[in-house]
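This report refers to the structure that appears directly beneath it.
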Amino acid sequence: MTKPSQPAPRSGSCSHCGECCRWLPIVLVRQCKPHQVQYFRERGLREADGFFLADAPGRHLRREDSDNIGVQKWVCDIYDRRPATCRDYCGKSLSGGKSYYVPEGCTMANNKSRE
C-alpha cells in the first residue's frame, strides 16, 4: 500500500522538518586535513553541502507524532520568542560573505543560492 503524497510546502514557509535545528555544522570538509576527515567519518558525523554535521538537536526542538501519512514533524517550543540567530535563519548571508548552513530541501531558504 502506498502512502498518499503530501503537498510540497510553498517556499518561504516552514515544513517543520526540524533539519535546521538538528544538525550543527562543525567544519567545512575542504578545510580538514586527511586525518581529520577520517576522524569525523569514524565518529559518524554526517556530510552535507561540504560540511561535517553533528546531530545536536536544539533543546527547544520537540518531535511531534507522525501525521496520518507517516511524515515526522518537529516543533520549536519557543518559536514566538526564539533568539535572533533562529529568526535570521533562512540562508541569509552573514558577515564576511559566509552564509548559514541550509539543509537540503529547506523550504525556508526562499530558493536563495547556497555556498
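The values are calculated or read from the model by the stated rules, or taken from the named source; none is laboratory data. No experiment lies behind these values; they were computed from the predicted model shown. Positions of Cβ are generated from backbone atoms using ideal geometry, with glycine treated the same way; all protein chains shown enter the neighbour counts.
Please go through (1) in contact with an Asp or Glu (Cβ under 9 Å, 6 or more places away or on another chain); (2) modelled with pLDDT under 80 for VAL29 and return the number of the only condition it doesn't satisfy. VAL29 satisfies every listed condition except (2). The single condition among (1) in contact (Cβ under 8 Å) with a residue 24 or more places away in the chain; (2) of a type outside the set (Ser, Thr, Tyr); (3) more than 15 Å from CYS21 (Cβ to Cβ) that TRP74 does not meet is (3). A Cβ distance below 7 Å, combined with a sequence gap of six or more or placement on separate chains, defines the contacts here; from region 30-49, residues that are among the hydrophobic types (A, V, I, L, M, F, W, C) reach residues that are surrounded by fewer than 13 Cβ atoms within 10 Å (Cβ to Cβ) and outside any helix (DSSP H, G or I) in the pairs ALA48/GLU104.
The condition (being surrounded by 15 or more Cβ atoms within 10 Å (Cβ to Cβ), at pLDDT 75 or above and out of contact with any helix residue (DSSP H, G or I) (no Cβ under 8 Å at 6 or more places or on another chain)) is satisfied by just one residue among GLU42, GLU64, GLU19: GLU19.
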